[in-house]
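Enquirer: Can you read through this structure? Questions will come right after.
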Amino acid sequence: MNVRLKDSFSFTAAVWFNDTLLVNNYHIQYQIITNVEDSETINTARDRLKWLQASQLFNTVFINQKHTEVIEKLSDLDIKLVTLPEDPIDQIIGLMLFSKLEAIFENILTVVELEISSDLSDGVVFPHTANETLGPFEAEGWWSDSGPEIFYKTEEKDNDERVVKLHNKTTWRELELDWPKSKS
């Protein structure tokens, strides 16, 4: 039997927007449907989300991937970064989260709706549903990868070009968040 769940979480992060670093508090509410009956597997999927929130989203900087010089400077300071294909407004961050949650849940849970609001958006809520297009997140990227990490780092090529690349390859197994053998 499929079960519908509603939950929420919050995190503090910064955005690089209009050449300014702004600290923001994000509030996420989401609805999911379970696609398996095994409670251990469902709990593992929810634990993946908790890990993503605590380890990847909290105290990070959301930044448009086109700002390579700023990305390089922040990376040199070992600041956690989440690079996005567009400017980090709430709507874009919400679409990214919708896509990434779908990826890390690997069809164990299905995201039905995700709502995002933040202190900087002055109470405006941006709802996203499974029926809408994901805009720039329709393309393949780290947001569609089922792995845990979402940090990107700038690296230089031999011809002095800069390219943004994923810089570490942590796995769910290393985090003890791989699917239980009883996955159904």
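The values are calculated or read from the model by the stated rules, or taken from the named source; none is laboratory data. All of these numbers come straight from a predicted model, not from anything done at the bench. Glycine gets a Cβ as well: all are built from the backbone with ideal geometry, and neighbour counts include every protein chain shown.
Enquirer: Any residue at all in the range 4-17 that is aromatic (Phe, Trp, Tyr), more than 18 Å from residue 100 (Cα to Cα) and surrounded by 14 or more Cβ atoms within 10 Å (Cβ to Cβ)?
Expert: Among the residues of the range 4-17, at least one is aromatic (Phe, Trp, Tyr), more than 18 Å from residue 100 (Cα to Cα) and surrounded by 14 or more Cβ atoms within 10 Å (Cβ to Cβ), which makes the answer yes.
Enquirer: Please go through the range 91-113 and pick out each residue that is under 21 Å from residue 13 (Cα atoms) and more than 12 Å from the chain's Cα centre (by Cα).
Expert: 91
Enquirer: Kindly indicate the residue of the range 119-128 that is in contact (Cβ under 8 Å) with a residue 12 or more places away in the chain and over 15 Å from the mean Cα position of the chain (by Cα) and also surrounded by the fewest Cβ atoms within 10 Å (Cβ to Cβ) among those meeting that condition.
Expert: 124
Enquirer: Within the range 31-71, can you find the residues that are basic (Lys, Arg) and assigned to a helix (DSSP H, G or I)?
Expert: 46, 48, 50
Enquirer: Right, next: Can you tell me which residue among 134, 114, 52 is more than 17 Å from residue 16 (Cα to Cα), of a type in the set (A, V, I, L, M, F, W, C) and in contact with a His (Cβ under 6 Å, 6 or more places away or on another chain)? Spell out how you get there, then give the answer.
Expert: Numbers: 134 fails: in contact with a His (Cβ under 6 Å, 6 or more places away or on another chain); 52 fails: in contact with a His (Cβ under 6 Å, 6 or more places away or on another chain).
From the options 134, 114, 52, the qualifying one is 114.
Enquirer: I've got another one for you. Quick check: is even one residue across the range 72-83 on the phi > 0 side of the Ramachandran plot, in a loop (DSSP other than H, G, I, E, B) and surrounded by fewer than 17 Cβ atoms within 10 Å (Cβ to Cβ)? I'd like the intermediate steps shown before the answer.
Expert: We begin by selecting, within the range 72-83, every residue on the phi > 0 side of the Ramachandran plot; these are 78.
Next cut, in a loop (DSSP other than H, G, I, E, B) only: 78.
With the extra rule that they be surrounded by fewer than 17 Cβ atoms within 10 Å (Cβ to Cβ), the set shrinks to 78.
Looking for residues that are on the phi > 0 side of the Ramachandran plot, in a loop (DSSP other than H, G, I, E, B) and surrounded by fewer than 17 Cβ atoms within 10 Å (Cβ to Cβ), one finds at least one in the range 72-83, hence yes.
Enquirer: Also, quick follow-up: Kindly indicate whether residue 116 is outside any helix (DSSP H, G or I), surrounded by 20 or more Cβ atoms within 10 Å (Cβ to Cβ), modelled with pLDDT of 95 or more and not aromatic (Phe, Trp, Tyr). So that I can check it myself, show each step before the final result.
Expert: Values: outside any helix (DSSP H, G or I): yes; surrounded by 20 or more Cβ atoms within 10 Å (Cβ to Cβ): yes; modelled with pLDDT of 95 or more: yes; not aromatic (Phe, Trp, Tyr): yes.
So residue 116 passes the test.
Enquirer: Confirm whether residue 164 is within 19 Å of the chain's Cα centre (by Cα) and at pLDDT 90 or above.
Expert: On the way: within 19 Å of the chain's Cα centre (by Cα): yes; at pLDDT 90 or above: no.
So residue 164 does not fit the description; no.
Enquirer: Does any residue in the range 83-98 that is more than 22 Å from residue 33 (Cα to Cα) and modelled with pLDDT of 95 or more come within less than 9 Å, Cβ to Cβ, of a residue that is of a type in the set (Asp, Glu) and outside any helix (DSSP H, G or I) six or more places away or on a different chain, and which pairs are these?
Expert: As it stands, the answer is 92/86, since those pairs meet every condition given.
Enquirer: Let me ask you something else. Given the residues 107, 131, which is the only one that is surrounded by fewer than 21 Cβ atoms within 10 Å (Cβ to Cβ), assigned to a loop (DSSP other than H, G, I, E, B), among the polar types (S, T, N, Q) and on the phi > 0 side of the Ramachandran plot?
Expert: 107
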